[in-house]
There are 2 protein chains.
Amino acid sequence: MTVITSSRRVRRTPFTPGVEAAGVTSYTVYNHMLLPAQFGGFVEDYHHLKRHVQVWDVACERQVSVKGPDALRLMTLISPRDLTKMADDQCYYIPVVDRNGGLLNDPVAVKVAANHYWISIADSDYLQYVLGVADALGLDVVVEEPDVSPLAVQGPKSDDLMARVFGDAVREIRFFRYKRLAFEGREMIVARSGYSKQGGFEIYVDDGDYGMPLWEALFAAGEDLHVRAGCPNLIERVEGGLLSYGNDMTRANTPFEAGLGKYVNSPADYIGKAGLTARPVERMIRPLAIEGDLPRCDRLWPVYAGGARVGQVTSAKYSPDFGTNVAIGMIDQSHWDAGTKVEVETQDGMRDAVVQAKFWI
Amino acid sequence: MTVITSSRRVRRTPFTPGVEAAGVTSYTVYNHMLLPAQFGGFVEDYHHLKRHVQVWDVACERQVSVKGPDALRLMTLISPRDLTKMADDQCYYIPVVDRNGGLLNDPVAVKVAANHYWISIADSDYLQYVLGVADALGLDVVVEEPDVSPLAVQGPKSDDLMARVFGDAVREIRFFRYKRLAFEGREMIVARSGYSKQGGFEIYVDDGDYGMPLWEALFAAGEDLHVRAGCPNLIERVEGGLLSYGNDMTRANTPFEAGLGKYVNSPADYIGKAGLTARPVERMIRPLAIEGDLPRCDRLWPVYAGGARVGQVTSAKYSPDFGTNVAIGMIDQSHWDAGTKVEVETQDGMRDAVVQAKFWI
């Protein structure tokens, strides 16, 4: 149990006062910003998330704003996913890569306007890559991090809670689409998205001053829905196979290895197209069930079979609902078939494990 | 007091077992890696650093390796500092900027070989910018993060301790120069540098397996020198005016505003040259002495004079040796003269402060 020392560099968010008042018990750091990791504990948070509704401070999902006449040109240069059919109200999950096909981030792109995109990033300063490309080519575009802090509402009662604050229009928002809806007279982008499999929304709060009023409005409106402060839940995300950049895949991996091949379909000559096509896929993300007691997965766990190294596990936690340790690993082709038995080397010793056919939910 | 939740994404270092055994009491996160923030507490660590010698896990100073035929071309494109006279054994502090002159990082560049540089970075993924430029221009260079983890030895007895492990050759290393010295038969780059004003070295441990053996060798050799595990000390760095990227300056600032103008002297047409030249310098880094009790400076503190905002304070702590709260701020030209009285708005209320002529050491 080691304390975190905060500073301006490890930034607070517009919602931090609410998070603190709600009794956050641990943080992690994500994009140079505080991200709550637990309130009541992983298990308590998990059960609540699956039954009720939670409000999450995910301001750390920083936006890379790409705006200007060359915005689409720049987006097309960096996106392995075809953007030509992206609707005006659409959000696209795009695995972004370097010239060799190595993953740099796995953000969600939001089409804000014709010449304006937000790239809602996972934990790496992808802004710097986009900026490097723009600066090197002298593109007519402004790349910056705006004052936009996503607030997520997640859980089965999300529609009910959101409708009380933003009106019944939220119910009509389709998956990975958004509407501009007003809170206290200010229109914000409200998308049906979020880092859980329980359903819900992300509100792109584009002025920090609205942060705490919105936080408080959601809690005031949802008392009978058992609304609580929450955060991305380690157990639930592993059950659902939601990947975490920096944990489950890094620049060492391609989108294909990460199981994201379906998002690689751009007809354009984007950076990384040739490199990505040239690389064979010799390992891939797999769910694993691990036996026995597990320590915290705070480091890469090598995976072995018959004494030879055949992969690694990078996220793992006991699942109360499925009665096993659920895990995400990257497994070599020789051992990636469902049912394959392997051994996982934790800091507390070897554990037996089995490659699964699919994630649990 | 909030706990940090570790994961593979918030990476351990080769020295973490030593740090834990030494009783680290708080961490921060820096370049997606654990950076110890306190062992005995800021004040105890501070007095010890100024009197004895400490070993610091600064593996979080990750290296951006730039290697290949176009390495110097790429370095010249991104560096506002003239690299033409850089000696083969030299380290250069270089404030790096975008096309508008905004700071992206303030790393130390190390010339490893003719076509090979390491950029030892502060807390932003500057690798992504360098890679973006290289990928956009198709440069013949490999940009990657190698397995290099700096270990710092800092404090007045650093030469004595280092000589016992690496030999008396360490005493001849000049400031911001390096020698290749052997530990257990492996040559490592040992530079006279580090993030304190107490003197010392940084060892670029370029194979994680040597991390703990080197850590243990330093402690075994220095018992009578009162060697201890330490870390960059908030009080000492503010006294000495050592800036922290993300705290004291960001992309919103130029090198001139950060007081780093002397490092802007490249004759080459680097990215940002025109932008940097065009921007007026209307604010600048200043030392401030603040009166009264201070809460933790974990957020930007606005600075006022006569009710008008004239700047901000971003790092502050009580200095036992100087008997005042020492602070680093960015102050508008109208109020940046030494002796100017201002007010600093902390989360616990207003405090009187005075702009200083220079830092304390």
For this session: Name the long-range amide H neighbours of A:Gln38: under 5 Å, sequence gap of 5 or more, or other chain; modelled H, no Pro or chain starts.
Result: A:Thr25, A:Ser26
Exercise. Relative contact order for chain B: what is it in percent, counting Cα pairs under 8 Å that are at least 6 residues apart?
Worked result: 18
For this session: Mind putting a number on the dipole of the protein assembly as shown about its Cα centre? Charges go on the C-beta only, +1 for Lys and Arg and -1 for Asp and Glu, and I need it in Debye to the nearest 20.
Result: 840
For this session: List the longest stretch of chain B that has no exposed loop site; here a site is one of the trypsin sites (Lys or Arg not before Pro) assigned by DSSP to anything other than H, G, I, E or B, with at most 14 other Cβ within 10 Å.
Result: B:175-295
For this session: Please calculate how many Å² of accessible area region A:282-361 carries per residue, with a 1.4 Å probe and no DNA, RNA or ligand atoms counted.
Result: 46
Problem set entry | Minimum 20 Å² accessible area buried by the other protein chains, region A:135-151 residues, probe 1.4 Å, relative to alone | A:Asp135, A:Ala136, A:Leu137
Seminar exercise, completed: Calc'd 3J(HN,Hα), region B:109-119, phi into Karplus 6.51 cos²θ - 1.76 cosθ + 1.60 (θ = phi - 60°), Hz, glycine/Pro = x, comes to 8, 10, 7, 7, 7, 4, 10, 8, 10, 10, 10
For this session: Starting from the Cα of A:Gln90, move 7 Å in the Cα-to-Cβ direction to define the label point; list residues of region A:193-215 whose amide nitrogen is under 20 Å from there.
Result: A:193-194, A:202
For this session: Give me the accessible area per residue for region B:63-144, probe 1.4 Å, as a whole number in Å².
Result: 28
Exercise. Can you pull the accessible area of A:His52 for me, 1.4 Å probe, Å² to the nearest 10?
Worked result: 40
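Provide A:Asp98, A:Asp352 ordered by accessible surface of protein heavy atoms (probe 1.4 Å), highest first. Walk me through the numbers on the way to the answer.
On the way: A:Asp98 5, A:Asp352 85 Å².
I get A:Asp352, A:Asp98, largest accessible area first.
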For this session: Taking a probe of 1.4 Å and counting only protein heavy atoms, give the total accessible area buried between chains B and A in Å², rounded to the nearest 100.
Result: 5000
Exercise. Tell me, what ³J(HN,Hα) does each residue in region A:75-91 have, in order and in whole Hz, if you take phi through Karplus 6.51 cos²θ - 1.76 cosθ + 1.60 with θ = phi - 60° and put x for Gly and Pro?
Worked result: 4, 5, 5, 9, 9, x, 9, 5, 9, 5, 9, 5, 6, 5, 10, 9, 10
Problem set entry | Radius 12 Å from Cβ of A:Gly241, net charge of other residues (Lys, Arg +1; Asp, Glu -1) | +1
Problem set entry | Descending Cα extents along the principal axes, the protein assembly as shown, whole Å | 70, 67, 48
Seminar exercise, completed: Taking every residue of A:26-33, the Cβ atoms of other protein chains inside 10 Å of its Cβ average out to 5
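Quote the convex hull volume per residue of region A:80-223, based on C-alpha atoms, as a whole number of Å³.
Numbers: hull volume 18.3 nm³, N = 144.
Considering the Cα atoms of region A:80-223, their hull volume per residue is 127 Å³.
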For this session: Among A:Ile94, A:Ala136, A:Pro107, pick out the residue whose Cα is farthest towards the positive end of the charge dipole of region A:63-144, where Lys and Arg carry +1 and Asp and Glu carry -1 on C-beta, about the Cα centre.
Result: A:Ile94
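In this model, which of A:Lys85/A:Lys317; B:Lys179/B:Lys317; A:Lys273/B:Lys262; A:Lys111/A:Lys317; A:Lys157/A:Lys358 are farther than 30 Å apart at the alpha-carbon?
Numbers: A:Lys85/A:Lys317 39 Å; B:Lys179/B:Lys317 36 Å; A:Lys273/B:Lys262 42 Å; A:Lys111/A:Lys317 35 Å; A:Lys157/A:Lys358 26 Å.
Violating the 30 Å limit, Cα to Cα: A:Lys85/A:Lys317; B:Lys179/B:Lys317; A:Lys273/B:Lys262; A:Lys111/A:Lys317.
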For this session: Quick one: dipole size for region A:74-170, taken about the Cα centre, charges +1 on Lys/Arg Cβ and -1 on Asp/Glu Cβ, in debye to the nearest 20.
Result: 280
Exercise. Cα extents of region A:282-361 along the three principal axes, largest first, in whole Å?
Worked result: 32, 28, 18
Exercise. Evaluated at 10 °C with a viscosity of 1.306 mPa s, what Stokes-Einstein diffusion coefficient in µm²/s does chain B have when Rh comes from the Kirkwood expression over alpha-carbon pairs?
Worked result: 75
Seminar exercise, completed: One decimal, nm, nearest first: from B:Pro302 to the same residue in each other copy, label points 7 Å out along Cα→Cβ, the values are 5.6
Exercise. ³J(HN,Hα) across region B:136-148 via Karplus (A = 6.51, B = -1.76, C = 1.60, θ = phi - 60°), whole Hz, x for Gly/Pro?
Worked result: 5, 9, x, 6, 8, 7, 9, 10, 7, 9, x, 7, 10
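Please tell me the relative contact order of region B:282-361 in percent, rounded to the nearest whole number, where contacts are Cα pairs under 8 Å and at least six residues apart. Could you put the intermediate results ahead of the total?
Working: 187 pairs, mean separation 31.3, N = 80.
The value is 39 percent.
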Seminar exercise, completed: Across A:114-124, the residue-averaged tally of Cβ atoms belonging to other chains within 10 Å stands at 1
For this session: Would you mind telling me the share, in percent, of accessible area of the protein assembly as shown contributed by carbon and sulfur at probe 1.4 angstrom?
Result: 48
For this session: For A:Gly185, go 7 angstrom from Cα along the Cα-to-Cβ vector, then report the distances to that same point in the other copies in nm, smallest first.
Result: 7.6
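Please average, across the residues of A:97-110, the number of beta carbons from any other chain that are within 10 Å of each residue's own beta carbon, and give a whole number. Mind showing how you got there, number by number?
Numbers: counts 1, 8, 8, 3, 0, 2, 0, 6, 2, 0, 0, 0, 0, 0.
The per-residue average across the peptide is 2.
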Exercise. How long is the gain from A:Glu187 to A:Lys262 if the chain were fully straight, where each residue apart is worth 0.36 nm and the alpha carbon distance is subtracted?
Worked result: 23.7 nm
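Could you work out the percent of alpha carbon pairs in region B:63-144 separated by over 15 Å, rounded to a whole number?
Numbers: 1672 of 3321 pairs.
Of all Cα-Cα distances in region B:63-144, 50 percent exceed 15 Å.
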For this session: Please go through region B:154-232 and write out the GluC sites (Glu not before Pro) that DSSP classes as loop and that have at most 14 other C-beta atoms within 10 Å.
Result: B:Glu184
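In debye to the nearest 20, how big a dipole does region A:1-67 give about its Cα centre with +1 on each Lys and Arg Cβ and -1 on each Asp and Glu Cβ? Spell out each step's value before the answer.
Working: 8 positive and 5 negative charges, 71 e Å.
For region A:1-67, the charge dipole is close to 340 debye.
The values are calculated or read from the model by the stated rules, or taken from the named source; none is laboratory data. Note that the structure is predicted; figures quoted are calculated from it, not measured. Please note: Cβ atoms are built from the backbone with ideal geometry, for glycine as well, and neighbour counts cover all protein chains shown. The area values use the complete protein model at the heavy-atom level, side chains included, leaving out ligands, DNA and RNA. Shrake-Rupley method; radii C 1.70, N 1.55, O 1.52, S 1.80 Å.
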